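Peer 1: Shown below is the structure under consideration.
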Amino acid sequence: MTRALPDALLWAALAVPGVAADLLGLNAPRAWWQTAAGAAVLAAAVAVSRARPVLALGLAAGLGLAASPSLFTLSYGPALSVLAFLLGRRSARTRPVLYAFPAVAAAGTVLVLVRHADPVIEWLVLIGTLLFGAVFPWLAGRYRRQARELVAAGWSRAAQLEREQEIVADRARLRERARIAQDMHDSLGHELSLIALRAGALQVAPGLDAAHRAAAADLREAAATATDRLRDIIGVLRDAAPPGPAPLAPPDDSLPALVDRAAASGLRVRASLPSEAALPPLVERAAYRVVQEALTNAAKHAPGAEVAVTVATGARETEVTVVSGPAAEGGTPSASGSGSGSGTGLLGLRERVALAGGEFTAGAAGDDGGFGGGFGGGFRVRARLPHDPGPRAGLPGAARDGHAARPEEPAAMDGGRDTDALAHARRTARRRFAVPFAVAAAGGAVFVAAAFGWYAYIKAHSVLKPADYAAMRVGAPYADVAPLLPDRQVADPPSDRDPATPPAGAECRYYRASGELFVSVEHFRLCFRDGHLVAKSRIPRVGAAGVVEQEEKEWLR
């Protein structure tokens, strides 16, 4: 019901030109039923224009060809253009159109050839009408359709980008949660390990009774159990992606304070730290985490061992080395240190050092790896941290200019790619429209050039010189007149301006008196009967009579 009213209005608009042309006498006289039949065919074309737009175009073209083989009609020309526009707007397929237009041209060519008229003129009018009255409107409708599809695709892409931004925001929150979890593991795990270490030292301290020793043992075991549970919980929250660059820090996060707390907890630490060094924040945090994790691992896996901490700061880089010896005799590894451990601490260190643009190694220490002495059988952690790291090739989210990649950067890069994709879609849409339009425009230019050339040719070869016309005598045989006649006759003679009625039974020919183009010129009429010239007359051009008489005097000079 919603489509019936627009279709009815469209049919009325397309049927009006045909009825008006008949009422105003702009068409050749025809019966009323022919006008009604044309309106009925237009109604059928409008009815099928949504589901079968190619068929609708064919019906309109058939009406035009039935009225005129050249397809140029006042009655059905507007319908042809409108339905061609709707075809381009409603149909996404181009293959049927590539068959429809040539089929109309072929049918019109056949009708032109069977008529007794100048076929070239009729055919040029046919091609011009098909090109400008059907092909160009179809291209306009197709461009309109592509523009609407591009707008719809743009809105769809915008909605998709909003969803992607929400996903990026959610992932950023997850990464922040994982970062917090990692820092909780590093900070709280370190403190719990120190508590366990102090409880172990208290357990073996002399002068304690059995109850206090049991309480110290329970405290050490509880700290170790808490460390294990913390590691399990953090392992669930930890994300595989690299955490953000801004870690949570304890109130006092300097390297000397870290070493002092470890030594106060009973860990045998010997440290060589720079007296005063203003390190970049990323380098300072990475160095702190390396030392913290190494001390935590030493307290967990090698209690009683001596640990050597070396932080060497240069002009361009800082090198951190932590070497721990084997567990001392009688030292009891904490419960959380049994086995090989989860390895998340070292993995976090490797990621943090990589974000700082440095290099990280961890493994068994050699005999010469200690600080001021050997710790054979121990463990070594080494990190090289450049102060001004460059981009790390091949590292996702690598640091640039000393700053790690933020979670928003991938979204920004995606936005750039989306802008490029949108620009590419626009260029593709314009190219898909421009190519057929350029082909049609080139065809139109060729048609116009051919039509103008043919027009100039037939006009130039249908000129009878005024002197030759004056030399002709009525009653002369055709054989004497023929050498003076041009190659062609006028295809559209000005019979409405003919001054006299042609003789009965005579065949009259019309010729131009001048080769001027696109202006009204004089014409000559020669009538032949039984092989003789029986009448000749001059048909004046549209203009003042005085001008015509002056030109006639000039011809006879």
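The values are calculated or read from the model by the stated rules, or taken from the named source; none is laboratory data. What you see is a predicted model, and the numbers here were worked out from it, not measured in a lab. Every residue, glycine among them, receives a Cβ derived from its backbone with ideal geometry; neighbour counts consider all protein chains shown. Accessible surface is based on the protein model in full, side chains and every heavy atom, while ligands, DNA and RNA are left aside. Shrake-Rupley method; radii C 1.70, N 1.55, O 1.52, S 1.80 Å.
Peer 1: Hey, can you tell me all the residues within region 131-154 that are within 15 Å of residue 61 (Cβ to Cβ), among the small types (Gly, Ala, Ser) and touching a Gly at 6+ places or on another chain (Cβ under 8 Å)?
Peer 2: Scanning region 131-154 gives a single hit, 133.
Peer 1: To continue, here is another question. Determine whether residue 490 is open to solvent by 50 Å² or more (accessible area, probe 1.4 Å), part of a loop (DSSP other than H, G, I, E, B) and hydrophobic (A, V, I, L, M, F, W, C).
Peer 2: When the stated conditions are applied, residue 490 does not pass them.
Peer 1: Out of (1) in contact (Cβ under 8 Å) with a residue 12 or more places away in the chain; (2) open to solvent by 60 Å² or more (accessible area, probe 1.4 Å); (3) of a type outside the set (D, E, K, R), the odd one out for residue 155 is which?
Peer 2: Result: residue 155 passes all but (1).
Peer 1: Output the residues belonging to region 468-487 that are aliphatic (A, V, I, L, M), assigned to a helix (DSSP H, G or I) and closer than 17 Å to residue 537 by Cβ.
Peer 2: 470, 471, 481, 484
Peer 1: Of the residues in region 304-328, how many are surrounded by 23 or more Cβ atoms within 10 Å (Cβ to Cβ) and under 20 Å from residue 193 (Cβ atoms)?
Peer 2: The total comes to 8.
Peer 1: Please verify whether residue 80 is open to solvent by less than 20 Å² (accessible area, probe 1.4 Å) and either modelled with pLDDT of 80 or more or of a type outside the set (S, T, N, Q) (or both), treating the condition exactly as stated.
Peer 2: Taking the combined requirement at face value, the residue satisfies it.
Peer 1: For region 84-98, which positions are among the hydrophobic types (A, V, I, L, M, F, W, C) and either assigned to a helix (DSSP H, G or I) or closer than 12 Å to residue 144 by Cβ (or both)? I'd like the intermediate steps shown before the answer.
Peer 2: We begin by selecting, within region 84-98, every residue among the hydrophobic types (A, V, I, L, M, F, W, C); these are 84-87, 92, 97-98.
Within region 84-98, 84, 85, 86, 87, 97, 98 qualify.
Peer 1: Going by what's in this entry, would residue 503 be described as part of a loop (DSSP other than H, G, I, E, B), modelled with pLDDT under 80, exposed (fewer than 14 other Cβ atoms within 10 Å of the Cβ) and out of contact with any helix residue (DSSP H, G or I) (no Cβ under 9 Å at 6 or more places or on another chain)?
Peer 2: No, not satisfied.
Peer 1: Here's something else I'd like to know. Filter region 3-29 for residues that are under 13 Å from residue 67 (Cα atoms) and in contact with a helix residue (DSSP H, G or I) (Cβ under 7 Å, 6 or more places away or on another chain); which is modelled with the lowest pLDDT?
Peer 2: So the residue we want is 27.
Peer 1: Here's a follow-up. Quick check, is residue 144 in a helix (DSSP H, G or I) and open to solvent by 60 Å² or more (accessible area, probe 1.4 Å)?
Peer 2: yes
Peer 1: While we're looking at this one, here's another question. Hey, among 72, 101, which residue is aromatic (Phe, Trp, Tyr) and outside any helix (DSSP H, G or I)? It would help to see each step written out before you state the result.
Peer 2: Details: 101 fails: outside any helix (DSSP H, G or I).
Criteria check complete, one pass: 72.
Peer 1: Would you confirm whether or not region 123-138 contains a residue that is more than 30 Å from residue 457 (Cβ to Cβ) and part of a helix (DSSP H, G or I)?
Peer 2: Scanning region 123-138, I find at least one residue that is more than 30 Å from residue 457 (Cβ to Cβ) and part of a helix (DSSP H, G or I), so the answer is yes.
Peer 1: Something else about it: Which numbered condition in (1) in contact with a Pro (Cβ under 8 Å, 6 or more places away or on another chain); (2) at pLDDT below 80 is the only one that residue 534 fails?
Peer 2: For residue 534, the exception is condition (2).
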